[in-house]
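S.K.: This is the structure I have questions about; it appears just below.
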Amino acid sequence: MANPLRTFASLYSTTLLTVLAGGLLTTYLGLRLSVMHVPQLWIGGMMSAYYVGLVAGSKIGHRLIAQVGHIRAFVASAGIVAASALGHALVDELAVWILLRLIVGMGMMCQYMVLESWLNEQAESNQRGTVFASYMIVSYFGLILGQGAISLYPELGLEPLLLIAICFALCIVPISLTRRIHPAPLVPAPLKIAHYWRKAPQALTTIAIGSMIVGSFYGLAPAYASNLGLPPEKVATYMTATILAGLLAQWPMGKLSDIMSRSRLIRINCVLLGILALGIALTPYHPTLSLVMTFLFGILGFTFYPLATALANSRVEQSERVGLSATILLTFGLGASIGPLIASTLMQWLGNSMLYGFMSACTLVLFLRLRYVHSQQKAETNVTQDYIMATGDLVSSPLAAALDPRVDVESVQEQMTPAPSDDEEDLGADALEDDDTDNEQQLTFEFDVNPEPTFVEAESHDLEESNLDTVKTA
């Protein structure tokens, strides 16, 4: 059995550079706008535009990959994202920056789709769990390195933007030089939002509100820390501690979710996170205490998504998990788009600490909603190994379900295969019409040679009874 890390070294290297550049750009923009004393609402709007771009890119990416192939789609997207990142150095207009952020989101979603569809196509069935986990770990390390890289440039000049563009340029190299066979194009999974919300209301509610918390943290925590008077290197430490906690919490939280009810675990998580976020909002800044509290925040806040995903998957059939994944990612993207807008507005009106005050309010609303739904829903049935590793941020695409080891490969192929062309549909329709015509001619012939239709009906009835007796005897 080949080692997946060695087999997919080129794809993992590309993933690391892509996520590193994306994480660095997010932190840089938050700090840069804070230093420029831009109103918090603009910062929230810019971060929301990124998640809107991710959602929109899931549609654009499918069409682009289908038209030009995986490598060309990835190279084009990386080039557009690199140019958009450098565009922040050329223009100081905030409206243009929001547009550039939207374009970055769309381009990066296309990159994620190329990587995940490629991994899914080449991964062996018995290695899918390892391939998926390795992909998520590489993504986590990319996020951590992206936060740490900002400490190299405390002046927040043009150097971070140059480093971001370099990473987006270099991420093309491994995937361009790979010798692996290109995967076949895939089409989007069927999206039945109302159907999945009826089957897994607790899980999707958790993802919707949890994504508002995570999106607000990634978008506004750098500005929050900067407004406390922290230099860029301290802000990088603050962000790194939170993301690292999310990485370290994945395995123990997964084990715990296999022991106790996941819906109860989410509610406990919700209460603890609400108390912690309120404590961060009310407690004056202290270097050591703040790092400890944000570390605990990462443990609780970054495990909402995988816990809710595991709960949702326990509510649906295996054949529905591809469509469920697309619904989950859409829900996450929309929630992460709304959260920073609300949080930034509150921060502008009521002060810097309202970032965590908003998060605490979100946990209260989530807890009340979960209690209400749980009281009206029958008890869940836990399935072991439903929990999978997931990053706190949206660093995956609707194709991530194809890599999910819980999903049957045949179900993926049935739901995410290219649709037949118009010519093939016409040929299929003609064939069905020919069969119907032959059946009609045969039925007409049998009716003509039997002048009494009641005799034919009686004979068929006797034939059915004899078949039933044969089946019973067998």
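The values are calculated or read from the model by the stated rules, or taken from the named source; none is laboratory data. All values reported here derive from a predicted model rather than from experimental measurement. Here the Cβ positions follow ideal geometry from the backbone for every residue, glycine too, while neighbour counts run over all protein chains shown. Keep in mind that these areas ignore ligands, DNA and RNA; they rest on the heavy atoms of the full protein, side chains included. Shrake-Rupley method; radii C 1.70, N 1.55, O 1.52, S 1.80 Å.
S.K.: Any residue at all in region 4-11 that is closer than 17 Å to G105 by Cα and buried (at least 24 other Cβ atoms within 10 Å of the Cβ)?
M.R.: Checked against the condition, which is being closer than 17 Å to G105 by Cα and buried (at least 24 other Cβ atoms within 10 Å of the Cβ), region 4-11 yields no hits at all.
S.K.: Would you pick out the residues in region 250-264 that are touching a residue at least 24 places away in the same chain (Cβ under 8 Å), under 18 Å from F297 (Cβ atoms) and open to solvent by 10 Å² or more (accessible area, probe 1.4 Å)?
M.R.: M253 - this is the single residue of region 250-264 that is touching a residue at least 24 places away in the same chain (Cβ under 8 Å), under 18 Å from F297 (Cβ atoms) and open to solvent by 10 Å² or more (accessible area, probe 1.4 Å).
S.K.: Follow-up. Counting just the residues of region 248-298 that are under 28 Å from the mean Cα position of the chain (by Cα) and outside any helix (DSSP H, G or I), which one comes out farthest from L311 (Cα to Cα)?
M.R.: M260
S.K.: OK, next. If you check L102 against the conditions, is it touching a residue at least 12 places away in the same chain (Cβ under 8 Å) and surrounded by fewer than 24 Cβ atoms within 10 Å (Cβ to Cβ)?
M.R.: Criteria met by L102.
S.K.: Based on this model, can you work out whether T240 counts as closer than 30 Å to S344 by Cα, touching a Lys or Arg at 6+ places or on another chain (Cβ under 9 Å) and either open to solvent by 50 Å² or more (accessible area, probe 1.4 Å) or β-branched (V, I, T) (or both)?
M.R.: no
S.K.: Among the residues of region 123-136 satisfying the criterion of being in a helix (DSSP H, G or I) and over 15 Å from the mean Cα position of the chain (by Cα), which is modelled with the highest pLDDT?
M.R.: That would be S134.
S.K.: Next up: Could you please find all residues in region 164-179 being open to solvent by 40 Å² or more (accessible area, probe 1.4 Å) and either in contact (Cβ under 8 Å) with a residue 12 or more places away in the chain or part of a helix (DSSP H, G or I) (or both)?
M.R.: I166, A169, L170, V173, S176, L177, listed by residue number.
S.K.: M46 is checked against (1) closer than 23 Å to W97 by Cβ; (2) over 19 Å from the mean Cα position of the chain (by Cα); (3) surrounded by fewer than 18 Cβ atoms within 10 Å (Cβ to Cβ) and fails just one. What number does that condition carry?
M.R.: Of everything listed in (1) closer than 23 Å to W97 by Cβ; (2) over 19 Å from the mean Cα position of the chain (by Cα); (3) surrounded by fewer than 18 Cβ atoms within 10 Å (Cβ to Cβ), M46 misses just condition (3).
S.K.: Across region 299-322, which residue is most open to solvent (accessible area, probe 1.4 Å) among those that are in a helix (DSSP H, G or I) and of a type in the set (G, A, S)?
M.R.: Restricting to residues being in a helix (DSSP H, G or I) and of a type in the set (G, A, S), the top hit is S319.
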